[in-house]
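Below is one structure, written out as structure tokens, with a few remarks after it.
The values are calculated or read from the model by the stated rules, or taken from the named source; none is laboratory data. Computed from a predicted structure; not experimentally measured. Every residue, glycine as well, gets a Cβ built from its backbone with ideal geometry; the counts of neighbours run over all protein chains shown.
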Amino acid sequence: MSEARVIRAWHDANAGRRFRELGVWGDKTLAEIFDEHADAHPDKFALADAEVRWSYAELQDLTLRIASVLVDLDVKPGEPIAAQLPSCGLLAAVHLAANRVGAIFVPLSTTWRRAEVGSLLSAVKPSVLLVPDEREPFDFLEMVDSLRPGLPELNHVLTVRGKGSNSLESLVAGAQRLTKRDAQSHRPDPDGPAHVMCSSGTTGMPKASIWGGNDIVAILMHHFRDAIELISDDIAAGLAPANTGSTGYVFPVLAPLLVGASSVMLEKWSPQAALDLIVKERCTYATAIPTQLVMLLDLPLESADLTKLKRFNNAGAPLAPATALEIETRMGCRVQTIYGATDGGVPVMTRIAQSDEARRNTVGPLCAGEELKLSGPDGQPVPHGDAGEACWRGANKSFGYLNQPDYDAIAWDDEGWFRSGDVGQFDADGNLQIVGRTKDMILRGGTNIFPREVEELLIQHPRVSGVSVVGVPDERLGEKACAIVVPSQQGVPTLEDLTSFLLEQGIAKVKLPEYILVVDAIPINAGGKVDKSELRQLAIENIAH
């Protein structure tokens, strides 16, 4: 492997054997698993977006032709290829094509601009980049041209959804399918790196977390499939952003293709468009981030035909129990939650078959092949029943960051434990409960306040449709809590409204917010997570001390 591409292999041969013995790793590549379904059921509906609708045979043919294009462009095994595409079916087509030739697929959000894209591409060093062939509302080609002098490894820039000679569509139209002989010569190691999921950048610029083929097999074909009871008859609705390669892609798009099911993708988010897609396509499960679930609740859900929708899968951020309850009550489905990190993997998730209490108030038990420990500030495990930082490793963890070893040193220890920054504790049944974030914790006069606890209560206030609690500096106490609130249609709450409500819920007085800031919307980043750093700065700028 080139020295320009730094990948740390966390899994040794012993770990690989153990994961195979557990049945969560295998010996097939992602493309080979997909091909089994395409060969068995070529005419079955596989994937659709706003512009295309492919059968398994059509998608298979497209991936083989794109793979041939990549070979013609001299893409070598182990080389990253990047794609800044909207949430569309081409993400899966390019990913599977890249997997056929051993390339590492790196999807990028279309919301990212020069700073984010330049930083990520400089680290990843792709040989090929795909961007939309459009000038409005943003000119992606112009941005890439301005960055290209600093990207010496970037040999080819292709456009998609265009008709120029340098468009992917033109090259595919003139390409032959990749032959079985060529496919075998380029076949990647199923244990090796195959896919990048980009972090959403809450701590700075986005980072490229690299995942192995078998890590993806473990999380999707075993952990997720079993938890949500995914079968080939399912039709998934992908509502979350798919173009960072994580929540909005792997669970509602890639997972169905690996089990022979079907998927439909929402390219441009709006609550009504999401509901219409679920109804029109008669989706059996949907994937969204909590922010989207909250927005759906503003619609007249009871009047929609949701008889086929049985499960709503969410990940990427905490989901308030009250929101889960309302979604289940009004949409007639069961909410399933995935807990983990784009960077580090998924140690636990809830199961559809679990009790309502467990599904709504915990993030579930350990997945097969995963280890999780709760650590105190000294790095040592906390006593049984106490809360501590959740640290994990196992069969579905990433390799770390591509070409970003300094970030590796921050996120992992020398034994491969991923430091999540989340504070959790186990209940009596072995389900993990997340009670806060180490970095979001507010230290008020020696008392630790975890914002999530307060937020989950405040979201139930009738005048609150969105809320985030952050700490602001205080000379005497160190920090005080500020509730940043999006008012509901029932009016704008006062600080007294909120504190009285919280006291009625039995919360300790020391945890009450001491400031309120009313906003039109809670800012979120490209991955759909609440941007706490922006909120903290907003509170500091607007709160008088």
Worksheet item: Of the residues that make up the stretch 112-127, is at least one touching a Pro at 6+ places or on another chain (Cβ under 7 Å), acidic (D, E) and surrounded by fewer than 24 Cβ atoms within 10 Å (Cβ to Cβ)?
Response: yes
Practice prompt. Only residues that are over 19 Å from D378 (Cβ atoms) and touching an Asp or Glu at 6+ places or on another chain (Cβ under 7 Å): list them for the stretch 409-434, please.
Written response: Q433, I434
Item to complete: With the condition kept exactly as written, say whether any residue in the stretch 191-203 is outside any helix (DSSP H, G or I), in contact (Cβ under 8 Å) with a residue 60 or more places away in the chain, hydroxyl-bearing (S, T, Y) and crowded, with 21+ Cβ neighbours inside 10 Å.
Response: yes
Worksheet item: Which ones in the stretch 49-66 are aliphatic (A, V, I, L, M) and either surrounded by fewer than 17 Cβ atoms within 10 Å (Cβ to Cβ) or in contact with a Gly (Cβ under 7 Å, 6 or more places away or on another chain) (or both)?
Response: A50, V52, A57
Discussion item. Where the second residue is part of a loop (DSSP other than H, G, I, E, B) and the first is among the polar types (S, T, N, Q) and lies in the stretch 356-369, which pairs have Cβ atoms under 7 Å and are six or more apart or on separate chains?
Written reply: T362/T350; T362/D427; T362/N431
Worksheet entry | Count of the stretch 460-495 residues which are loosely packed, with under 15 Cβ neighbours inside 10 Å and closer than 27 Å to L325 by Cβ | 6
Practice prompt. Report the residue count in the stretch 497-533 for those that are at pLDDT 90 or above, within 30 Å of T110 (Cα to Cα) and among the charged types (D, E, K, R).
Written response: 1
Practice prompt. Can you tell me which residue among G466, G430, G471 is under 30 Å from A368 (Cβ atoms) and either outside the structural domain of L535 (by TED's automatic domain parsing) or part of a strand (DSSP E or B) (or both)?
Written response: G430
Practice prompt. Being crowded, with 18+ Cβ neighbours inside 10 Å and of a type in the set (S, T, N, Q) is the filter; apply it to the stretch 341-360 and report the residue that is nearest to L230 (Cα to Cα).
Written response: T350
Response to the item:
Scanning the stretch 154-190 for residues that are touching a helix residue (DSSP H, G or I) at 6+ places or on another chain (Cβ under 6 Å) and in a helix (DSSP H, G or I), the one surrounded by the fewest Cβ atoms within 10 Å (Cβ to Cβ) turns out to be V172
Discussion item. Tell me whether the stretch 195-211 contains one or more residues that are of a type in the set (G, A, S), farther than 29 Å from D27 by Cα and in contact with an Asp or Glu (Cβ under 8 Å, 6 or more places away or on another chain).
Written reply: yes
